[in-house]
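Below is one structure; the comments refer to it alone.
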Amino acid sequence: MIDALVGQLPSESTQQAVGYPALFLLVALGALVPVIPTGAIVSSAAVVAFHQTSPVALLVVFLVAAGAAFTGDVTLYWLGLRGVRSRNGSRWLEALRGRAAPDRLEHAQARLREHRVSVLVLSRLVPAGRIPAMLACLLAGMPLRRFVRGNLPACLAWAVTYQLIGVLGGSLFARPWQGVLAAVVLTVLVGAVPSVWRRLRRA
């Protein structure tokens, strides 16, 4: 049944024409509104690219994912920076404050003082670490240009990490849908491990 459905899917060129813009849009929106599972989306796209005949597909997925994450992060930081500079603040800045737990914000501020811009790379790879690090940069008055320099390698590292998860899932199974399922499960596990570890330490 599944094989029959796969056989009825659009051609590879049609999938690319629709899939790449959709990937960019979802990842960029996920950077602005962190309720979209962007890691799972990138891993799933990497699975599909892995099963295509063209090796260029994986490179395109990487560039699109990294570019979208970078665009979303810079846009969100710019909106937050406007709130910091405004007397009345902004809803974007308040939204960032609401998403960052006080203890995680304090931890991010301490790491920012010690490691400066390099903390952005790690924050992008740690689940739920991006927003506290970004807010710490905003409260520290980091200019947009400096944030951009630190955020670019962070987005590249993030895209590589989740693409490798997708490639791993795709290499384990012959069917693309099985690889997508495996990649999603791996992504969920990667995101859940730090949270479970923190709860065990508190207990």
7 Å from Cα along Cα→Cβ at both His107 and Trp78: what's the point-to-point distance in nm? 3.1
How much length is gained if the chain between Leu181 and Glu94 is pulled fully straight, taking 0.36 nm per residue apart and subtracting their Cα-Cα distance, in nm to one decimal? 27.8 nm
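Taken together, the values in this text are just the output of simple stated rules run on the coordinates, not laboratory data. This is a predicted model, so every value here is computed, not measured. Glycine also receives a Cβ, built like all others from the backbone with ideal geometry; neighbour counts cover every protein chain displayed.
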